[in-house]
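Input: a single structure, listed below in structure tokens.
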Ligand code: SF4
């Protein structure tokens with residue numbers, strides 16, 4: 001995955017299938033906290049960066065042994081703000097992953113970045129370290145809205161960051177944008193999208209603001225300090241984006257994601273296809289075998305517990321079960337995924353994929369679950385309501401269903 005590539009071979013792993021898994025690496029540091037964010041991330045704990053990176057490398061090495069060096073198809077550094085880590089840290093973590101896992105040649109390696117952390121030199125360094133995809137948190141190209149969102153960059157910095165990354169040779173770039181914001185007018189959204197089309201990133205993720213309870217933004221709206229976002233306006237913004245992006249050659253391949261042909265996020269496809277992934281770092285979630293489990297949120301607790309686990313020199317696991325997961329001290333919680341839950345998740349995650357859709361025959365082959373017969377009446381009802389379409393064994397949301405997809409998904413809840 002970096003310029004010093006070796007063709008790694010995976011040993012036979014009884015837990016991860018031979019097709020491999022995704023690897024998510026959580027970075028819980030931000031220079032400042034944004035008032036709308038409820039992710040497991042912290043400001044003011046930069047002193048933990050070094051011990052955190054050491055713990056992460058130990059956790060990666062231990063999982064490599066426990067899972068018998070399985071194949072990894074994609075690596076995703078998320079957060080938090082991975083680009084906020086000191087220079088060289090991401091490269092060292094990638095080297096640890098290369099030693100622990102059989103990372104596929106040309107694997108997609110994504111880093112989430114804040115525009116303020118990027119320069120041409122920083123992007124060149126990321127490329128040298130094996131990163132080949134960036135996901136930049138632009139959010140808006142309006143300084144007033146960026147200020148309201150508590151972001152530490154300006155619109156000009158965001159544009160510069162994208163151009164720097166492109167000039168450094170990073171071509172596979174996603175930009176995150178938000179709509180449905182308090183005080184955001186349609187004219188402003190149009191302007192942001194048109195500027196985006198000139199910049200031509202490979203991928204765009206458009207997120208409607210969700211007011212998460214417990215966040216300052218939620219409180220400001222509740223206290224009347226900010227106007228409540230208008231859902232009808234947000235819907236108009238979504239439709240406008242659909243039109244403009246399509247006209248400019250972007251494929252609307254997932255409810256909130258558009259890409260130029262061939263530039264879909266391979267890592268996120270793993271989630272939507274309900275395939276296995278391992279998450280490392282505080283609060284990171286994993287889905288392996290028939291279990292979902294997650295590391296504890298506290299960075300300090302995580303560092304201490306990973307040390308214990310690594311010191312115990314854990315042996316390869318023949319299978320994953322409750323007891324095996326309980327014996328891993330940094331794991332904060334686990335649940336067994338029943339066949340009912342797995343069926344339900346396969347349905348509502350797969351239906352998020354607008355182009356690919358959900359192939360019931362392929363899903364049955366992969367999971368052993370006969371989704372067509374399990375959900376026969378739900379599928380027929382949704383087709384009658386013109387919210388689902390079916391071609392052969394493939395189900396897809398219809399266009400009118402995109403904005404009410406949650407209503408469709410609830411029909412498949414276990
Ligand atoms: S930079 Fe991202 S992860 Fe950090 S606080 Fe802001 S929204 Fe949350």
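The values are calculated or read from the model by the stated rules, or taken from the named source; none is laboratory data. Small disclaimer: the values here were computed from a predicted structure and weren't measured. Counting neighbours? That spans all protein chains shown, and the Cβs are built from the backbone with ideal geometry, glycine included.
Of all residues in region 78-88, at least one satisfies being touching a strand residue (DSSP E or B) at 6+ places or on another chain (Cβ under 6 Å) and closer than 30 Å to residue 18 by Cβ.
Just to check your reading of the model, which residue among 57, 73 is modelled with pLDDT of 95 or more, closer than 18 Å to residue 275 by Cα and more than 16 Å from the ligand (Cβ to nearest atom)? Steps first, please.
Details: 57 fails: closer than 18 Å to residue 275 by Cα.
Only one candidate passes the filter, namely 73.
Only one entry in 184, 160, 188, 195 is surrounded by 20 or more Cβ atoms within 10 Å (Cβ to Cβ) and either assigned by TED's automatic domain parsing to the domain that holds residue 242 or assigned to a helix (DSSP H, G or I) (or both), namely 184. Filter region 105-124 down to the residues that are in a strand (DSSP E or B) and surrounded by 18 or more Cβ atoms within 10 Å (Cβ to Cβ), then identify the one that is farthest from the ligand (Cβ to nearest atom). Looking at the filtered set, the residue picked out is 107.
Would you mind finding the one in 290, 256, 298 that is surrounded by fewer than 19 Cβ atoms within 10 Å (Cβ to Cβ), touching a residue at least 24 places away in the same chain (Cβ under 8 Å) and not assigned by TED's automatic domain parsing to the domain that holds residue 93? It would help to see each step written out before you state the result.
Details: 256 fails: not assigned by TED's automatic domain parsing to the domain that holds residue 93; 298 fails: touching a residue at least 24 places away in the same chain (Cβ under 8 Å).
Result: 290 is the single residue among 290, 256, 298 that is surrounded by fewer than 19 Cβ atoms within 10 Å (Cβ to Cβ), touching a residue at least 24 places away in the same chain (Cβ under 8 Å) and not assigned by TED's automatic domain parsing to the domain that holds residue 93.
Check region 25-46 and report whether any residue there is away from the ligand (no atom under 16 Å from the Cβ), over 20 Å from residue 325 (Cβ atoms) and in contact with a helix residue (DSSP H, G or I) (Cβ under 6 Å, 6 or more places away or on another chain).
So in region 25-46, the residues away from the ligand (no atom under 16 Å from the Cβ) come out as none.
No: region 25-46 contains no residue that is away from the ligand (no atom under 16 Å from the Cβ), over 20 Å from residue 325 (Cβ atoms) and in contact with a helix residue (DSSP H, G or I) (Cβ under 6 Å, 6 or more places away or on another chain).
Of all helices (runs of 4 or more DSSP H) completely enclosed by region 213-316, which ones contain at least 2 residues that are within 29 Å of residue 101 (Cα to Cα)? Qualifying helices (runs of 4 or more DSSP H): 266-272, 299-311. Among the residues of region 345-354, are any over 24 Å from the mean Cα position of the chain (by Cα) and buried (at least 18 other Cβ atoms within 10 Å of the Cβ)? No, there is no match, as no residue in region 345-354 is over 24 Å from the mean Cα position of the chain (by Cα) and buried (at least 18 other Cβ atoms within 10 Å of the Cβ).
Of the residues 89, 97, which is surrounded by fewer than 23 Cβ atoms within 10 Å (Cβ to Cβ) and within 25 Å of residue 308 (Cβ to Cβ)?
From the options 89, 97, the qualifying one is 89.
Identify all residues within region 324-350 that are free of Cβ contacts under 8 Å to residues at least 60 places away in the same chain and more than 20 Å from residue 284 (Cα to Cα); write none if there are none. Result: 339, single match.
Can you name every residue in region 84-104 that is within 16 Å of the ligand (Cβ to nearest atom) and closer than 21 Å to residue 262 by Cβ? If the condition is that a residue be within 16 Å of the ligand (Cβ to nearest atom) and closer than 21 Å to residue 262 by Cβ, then no residue fits. Residue by residue through region 125-136, note down the ones that are within 13 Å of the ligand (Cβ to nearest atom) and either in contact with a helix residue (DSSP H, G or I) (Cβ under 7 Å, 6 or more places away or on another chain) or modelled with pLDDT under 95 (or both). 136, the sole residue that qualifies. Could you say whether any residue in region 162-179 is farther than 23 Å from residue 84 by Cα and either out of contact with any helix residue (DSSP H, G or I) (no Cβ under 7 Å at 6 or more places or on another chain) or modelled with pLDDT of 95 or more (or both)? Yes, some residue in region 162-179 is farther than 23 Å from residue 84 by Cα and either out of contact with any helix residue (DSSP H, G or I) (no Cβ under 7 Å at 6 or more places or on another chain) or modelled with pLDDT of 95 or more (or both).
In this entry, residue 82 passes the filter for residues that are more than 22 Å from residue 289 (Cβ to Cβ), at pLDDT 95 or above and within 22 Å of the chain's Cα centre (by Cα).
Might you let me know whether region 377-392 holds any residue that is modelled with pLDDT under 95 and either assigned to a helix (DSSP H, G or I) or farther than 22 Å from residue 16 by Cβ (or both)? No: zero hits.
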